[in-house]
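Values quoted throughout were computed directly from the atomic coordinates according to the rules given, and no laboratory measurement underlies them. Values in this document were obtained by computation on a predicted structure and should not be read as measured data. Please note: Cβ atoms are built from the backbone with ideal geometry, for glycine as well, and neighbour counts cover all protein chains shown.
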Amino acid sequence: MIDSASLLAVLPELILTLGGLALLLVSAFAGDASARVVNWLAVLTLIAAGAALSCSLAHGPDAFDGLVRADAFSVFAKALIYTAAAAAILLAPRFFSVDSAPRPEYPVLILFATVGMGMMVSAGDMLTLYVGLEMNSLASYVLASFMRQDERSSEAGLKYFVLGSLASGILLYGISLLYGFTGSTAFDGIAIALGDGVSKGELFGLVFVLAGLAFKISAVPFHMWTPDVYEGAPTPVTTFFASAPKVAAIGLTVRVAIEALGPAGLDWQQIVIFVALASIIFGAVAAIGQTNIKRLMAYSSINNVGFALIGLAAGTPAGVAGTMSYMAIYVVMTIGGFACILQMRDADGKPVETIASLAGLSQSRKGLAAALAIFMFSMAGIPPLFGFWAKFLVFDAAVASGLTALAAFGIAASVIGAFYYLKIIKTMYFDEPVIAYEVKGGPVENVILTACAVVIVLGYLLNPVLDQASAAAAASLF
Amino acid sequence: MDGFPILSLMMAVPMAGAIACLFADANKARWIALIATLVDFVLGIALWMNFDQSGSGAQWQFQEYAPIFGRFAWALGIDGIALMLIALTVFLMPICIGASWNAINKRVGEYMAAFLFMEVLMIGVFTAQDLYLFYIMFEAGLIPMYLIIGIWGGTDRIYASYKFFLYTLLGSVLMLIAMMWMVHEAGTTEIPVLMAYNFPPHAQTWLFLAFFASFAVKMPMWPVHTWLPDAHVQAPTAGSVILAGVLLKMGGYGFIRFSLPMFPEASAQLAPLVWGLSMVAVVYTSLVALVQSDMKKLIAYSSVAHMAIVTVGLFAFNQAGIEGAMMVMLGHGLVAGALFLCVGVVYDRLHTREITRYGGLSINMPKYAVLFLFFTMASVGLPGTSNFVGEFLALMGIYQASSWVALVCTTGIILGAAYMLYLYRRICYGDQVNADAAAMPDLSGREMWLMAPIAAVVLWMGVYPESFLAPMRPDIRALEARLAPAAPAGDSAIKMGAPKPAGEANHEDVSAPSHSASGEAH
C-alpha cells in the first residue's frame, strides 16, 4: 500500500530517479554539447537528494510494509554514497575531454546507479535488495565500458557483466533457498525463522547469499574481476567503483548479516572472518608486484574491504559502527587518491598509469606528491593520518568482542600492506624524475584533492561527530 | 605557570616552523628551523625551571586535558623522567639543525620540515598522558624518519628506509592490540590511572610481550637490532644524531612508563629473558663493533651495547638500577649524538666513513682530536663523564638482582674501551698515510659551536649528576615502590654494615692520632 509516509521515506530515491530521467531527456535532445550543464545539474540533484535524507527519517523506519527501511543506517550510507558519486561526476570531465567531448550520459548513468545503491542500503526485503543491486550493476556495466572505442574499457565492461551476472545468479539462488526454507523474503521474517535454529537448507541459502554479496564487495575469494575491471574502466569510473558501490555493498552486507541473518551469527561469523583475513592478506601480497597504479588500487580496495569486514566479524554495534566509519574514511582516502591518479598526465595531457612514471614527482609537482603521499600513508594505516583511525575502530571492536587473535593477525598483515603503499612514496620521493608531468591540475580536481587531504590530516577532530553518527547508524540495526 | 599550556606550546612552535619551512626557500628554511628549535630550547629551560622537583607536590605536572578526539583526549603532562628526556630532545634539536646547515643542500625546506615535525612527535611521545595519543605520536615518527633516511641518505638508503619502517611498524602494531585490550579491561585511556591498575597476572604476560615487541625493536635489543646499523649508516649525520640521541630512548621510556609499572608481575617473570638478551647484546655487539670498518656502523653497534646496559638497569627492579638506566639513556643520547657529529665532520670533508681512509688526524686537526678523544672517553665511561655515572649505577643495581648478569655486562665496559680506543687510534693517531685526509682543515667555528655545548653538558652530568637525578628521583622511587611486591629476590645477598656515628670516628682520630693506620685496619 502506497501512502505519503512511504513516499517521504524514499524521497531521496524519487528525487534521483526523476532528476536522472529529466537529465536523460535533456541529454537526448541537446546532445553532447549539454555535457557540462548536465554534469552540474546531476551534482545538484545529488545535493538535493542528500538534503532530502533528513525528511526520509520523519516517519519511522519502515516504508512500503517493510520492503524499504529509512533509518539512521541508510542515511549514513547514503550520505557517503552521494558524496562519492558527486565526486566521481566532478572529477570526470577533464579525463573524458582528452580524447573527445565529454558525454552527458556519464552523470546520468551515475545517478541511476546511485538510485540502485540507495535501494541496496535501505532494503528491508531480499527482493528490494536484489532489484537495487541489479539497478546499480546494470548502470555499472555500462559505465565500465563507457569508452566504446577503447579495447580495455570494452573488455572491462564485458568481464564485469559476465562475472557480475554469475554472482547475481548465485545471490538469487541463495535468496530462493532462504525463501524456501524460511517462508519469507522479508529480513525480519527470515530472522524470526532462523531464530529457532538454523537448518541445513537455511545454511546453504546463507552461504550462497554471502557468496553473492562477497562478489559485490570484491572480497577474496570472489575478487577476480576487480583488478581487470579497475584497470580497464576509465579512471573516473574506477574512482566511482572504488568508492560509492563499495559503501553500498558493504552496507548491504552488514544489513543482511545483522537484520536478516542475525540469529545465525555464529554461522556467518566464521565465513566473514575467513573472508576478511583472506582479503587482507591476498590484497596486500598481490599488490606488491603491480606496476599499474589502477591495478594496485584494485588490490588495495580488496585489502581495505578485508579490514572493514573485521568490524562486521565482531558482530556488535561497535563493530558495525567501526565498519561504517571505516567506509567513511576509506571513501575520503580513495577519492583523494584517485583525484591524484587522475592528475597523472604527461606533458600533452594524456593519462599515464604506470607507477614508475611517478618517479621524482615530489620535485616536479610538490603539492600533488605530498597529497598522494598523505593518502598512501593513510591507507597504510600510519598515524597521525586518519586511515589509522579507521583500522583502529574495527580492530578495537574485534578486541572488545573477544576476537583478539583475529585482531592480532589482521594488524600484523597490515604491515605487508604498508610495503606497497611505501613503494609509491618511495617512487615519488626517493627516485629521480623520468617523465615530465603536466604542470598543474584542474581547479575542480585540486579542490577535491585538498579537501580530502585536509580531512585525512585533521580527521581526528571529526571523531566526536563520526562516532555519534556511526553509533546511531549501528544502533538502528540492532 | 599554572594553567599555561607550555607543553602544547612546545609542540606548536616546531609544528608552525615545519609548515613555514615547506613554503620557504633553502636559506630561509634553515633560519626558520634554527629559530624554532632555539625557541623550543628556551621553553624547555623554562619548563625545567618551573618543574617542582621536591617530590612533595604532584607527580604529574603541567597537565593539560582537552577531550577533543572522541575516544581519546589531548592529555599532556610530565614527570621528572619525561622532563629529562624532553630536555635532551630540545637540547639536541638545534644541534641537529646546525649539523645540517651546509651538509644538506637539496630540498632543504622539506628536510627542515621533517626534522621539526620529528621534534613535535618526540615531545608528544614524552608528554602524552593518553594511551592512544602516545601510540599515535610514537608511530607517527616513522613517517619523517622514513623520508629523512630515504631522501637524504647514502647510497643504500632505500633498503635502509624500508627496513627501518617495516621493522618498527611490525613491532608496534601488536602493542596497539594490547593497548585496546587494556583500555577495555581498565575502562580508561589515561596513562597515570593505567600505571596504577592491577591487570590480571596471566594477561600481563601477553600484554608485556606485545609491548616488548615494540620497545625491544625500538630500543633496539639483540636480536631485533639489525635495522639500526643500516639506518644509521644510511641516514644523514643529523638523522643519526636524532636517531641515536632520542628515538632509541623512546624504547627505554616505554619500558619505564608502560612495561614496568603496568605489568610488574610479568616484568619480574620475564626479567631473565631481558637479562639474557641484554647479556648477549653487550658481549656480542661489542665484539661486532670491534671488527667494523665503517665508523658509523661501529658507533651504531656500540649503541646497541649501551642500550643493553639500559635494559639490565631497568630490569634490576631497584632505584639504583633504574636511575642508572635513565642516566645511561641521557648520557648515551649526548655522547652517541656527539660521536655521530664527529663522524659527520670528517665525512663532510672526505665523503667516506671508511676508517682506513683516515689516520693521524691529531696532527692536522688538533681541536677535532681533542673533542673526539673527550667523547670517546665519555663513551667508554671514564669517571667524570656522564656515562660513568649511569653505567656504574645501572651495574650496581643489577648486581643486587643478579650478580652473574652484572659480571657479564661489566665486560661491556672493557670491550667498549677496546673498540672505542681502537677506533680513535686508527683515526687520530698513527701516521698520516692518506694525503687527502692529512690536508683536511680543522673544525670550523660552526662545528665547534655544535660540539662544545654537548661536551660541557657531558662534563656537567659526570661531575654533578645530582642536577639530573634530582627531578627523576621521586618518580623512580614511586616506580620502585610499585615494583617492590613483584621484584625478584637478588642473589648477591648484600649485607649492609652498621654505620658508625660520625662523632665516634672523630673521637678515635683525636685520641689516637699516631695509630690512625692501625685504626683503619680494624
Legend entry - Three-way shape call for segment B:316-417 based on the alpha-carbon gyration tensor, with the a/c threshold at 1.5: prolate
Legend entry - Estimated vicinal HN-Hα couplings, Hz - segment B:449-461 in sequence order (Karplus 6.51, -1.76, 1.60; Gly, Pro = x): 5, 6, 8, 4, x, 5, 4, 4, 5, 4, 5, 4, 5
Inset, instruction - Give the relative contact order (percent, whole number) for chain B; include only Cα pairs under 8 Å separated by 6+ residues. - result: 15 percent
Inset, instruction - Evaluate the distance, in nm, between pseudo-label points positioned 7 Å from the Cα of B:Ser492 and of B:Asn50 along their respective Cα→Cβ axes. - result: 4.1 nm
Inset, instruction - Using just the alpha carbons, could you tell me how many Å³ per residue the convex hull of segment A:230-367 encloses? - result: 105 Å³
Inset, instruction - Mind ranking A:207-216, A:148-157 by how tightly packed they are, going by the mean number of other C-beta atoms within 10 angstrom, highest first? - result: A:207-216, A:148-157
Inset, instruction - Work out Dmax and Rg for segment B:1-122 from the C-alpha atoms and quote the Rg first, both in angstrom. - result: 15.7, 51
Legend entry - Whole-Hz couplings from phi, Karplus 6.51/-1.76/1.60, listed for segment A:373-384; x for Gly and Pro: 5, 4, 5, 5, 4, 5, 4, 6, x, 8, x, x
Inset, instruction - Choose one of A:Phe222, A:Val285, A:Val247: the residue whose Cα lies farthest towards the positive end of the charge dipole of segment A:177-310 (beta-carbon charges +1 Lys, Arg; -1 Asp, Glu; about the Cα centre). - result: A:Val285
Inset, instruction - For A:Val454 paired with A:Ala356, estimate the spin-label separation in nm (one decimal), with each label point 7 Å from Cα along the Cα-to-Cβ line. - result: 3.9 nm
Legend entry - Two-site FRET efficiency, B:Phe4 against B:His184, from Cβ-Cβ distance with R₀ of 41 Å, rounded to 0.05: 0.70
Inset, instruction - Report relative contact order for segment B:116-168 in percent, whole number only (criteria: Cα-Cα under 8 Å, sequence separation at least 6). - result: 28 percent
Legend entry - Cα convex hull of the protein assembly as shown - mean projected area over all directions, nm²: 45.7 nm²
Legend entry - Translational diffusion coefficient (Stokes-Einstein; Kirkwood radius from C-alpha pairs) of segment B:66-148 at 20 °C, 1.002 mPa s, in µm²/s: 154 µm²/s
Legend entry - Cα-centre dipole for the protein assembly as shown with unit charges at Cβ (Lys and Arg positive, Asp and Glu negative), debye to 20: 1700 debye
Inset, instruction - Read phi for every residue in segment A:301-312 and hand back ³J(HN,Hα) as whole Hz from Karplus 6.51 cos²θ - 1.76 cosθ + 1.60, θ = phi - 60°, with x for Gly and Pro. - result: 5, 4, 4, 5, 4, x, 5, 4, 5, 4, x, 5
Legend entry - Modelled FRET efficiency - R0 60 Å, B:Ala58 with A:Val285, Cβ distances, 0.05 increments: 0.75
Inset, instruction - Report the far tail of the P(r) of chain B, meaning the percent of Cα-Cα pairs longer than 46 Å. - result: 12 percent
Inset, instruction - Provide the gained length on full extension for the span A:Arg148 to A:Ser4, in nm with one decimal, where the gain is 0.36 nm per separating residue minus the Cα-Cα distance. - result: 47.6 nm
Legend entry - Under DSSP loop assignment and at most 13 Cβ neighbours within 10 Å, longest trypsin sites (Lys or Arg not before Pro)-free interval of chain B: B:107-494
Inset, instruction - Could you tell me which of rounded, prolate or oblate describes segment A:307-398, using a ≥ b ≥ c as the square roots of the eigenvalues of the alpha-carbon gyration tensor, with rounded for a/c under 1.5 and, failing that, prolate when a/b is larger than b/c and oblate otherwise? - result: prolate
Inset, instruction - Could you list the square roots of 5 times each eigenvalue of the Cα gyration tensor of segment A:239-295, that is, the equivalent ellipsoid semi-axes, sorted largest first and rounded to whole Å? - result: 28, 17, 4
Legend entry - Per-pair calculated FRET efficiency, R0 = 35 Å: A:Ala412 and A:Lys440 via Cβ, rounded to 0.05: 0.30
Legend entry - Whole-number D in µm² s⁻¹ for segment A:1-98, Kirkwood Cα-pair radius fed into Stokes-Einstein, 4 °C, 1.567 mPa s: 89 µm²/s
Legend entry - Cα centroid separation, segment A:342-397 to segment B:308-348 (Å): 38 Å
Inset, instruction - Might you report the magnitude of the Cβ-based charge dipole of chain A about its Cα centre, with Lys and Arg at +1 and Asp and Glu at -1, to the nearest 20 debye? - result: 940 debye
Inset, instruction - Let me know the whole percent of all Cα-Cα pairs from segment A:79-145 that are separated by more than 15 Å. - result: 55 percent
Legend entry - Dipole in debye (nearest 20) - segment A:329-478, about Cα centre, beta carbon charges: Lys, Arg +1; Asp, Glu -1: 100 debye
Legend entry - Label-to-label distance, nm, for residues given as B:Trp101 and A:Val447 (7 Å Cα→Cβ offset): 4.7 nm
Inset, instruction - With a/c under 1.5 counting as rounded, go ahead and sort chain A into rounded, prolate or oblate using the C-alpha gyration tensor (a ≥ b ≥ c being the square roots of the eigenvalues; past the cut-off, prolate if a/b is larger than b/c, else oblate). - result: oblate
Legend entry - Pair-distance profile P(r), taking every C-alpha pair of segment B:177-267, with 5 angstrom steps and integer %: 3, 14, 21, 21, 14, 10, 9, 6, 2, 0
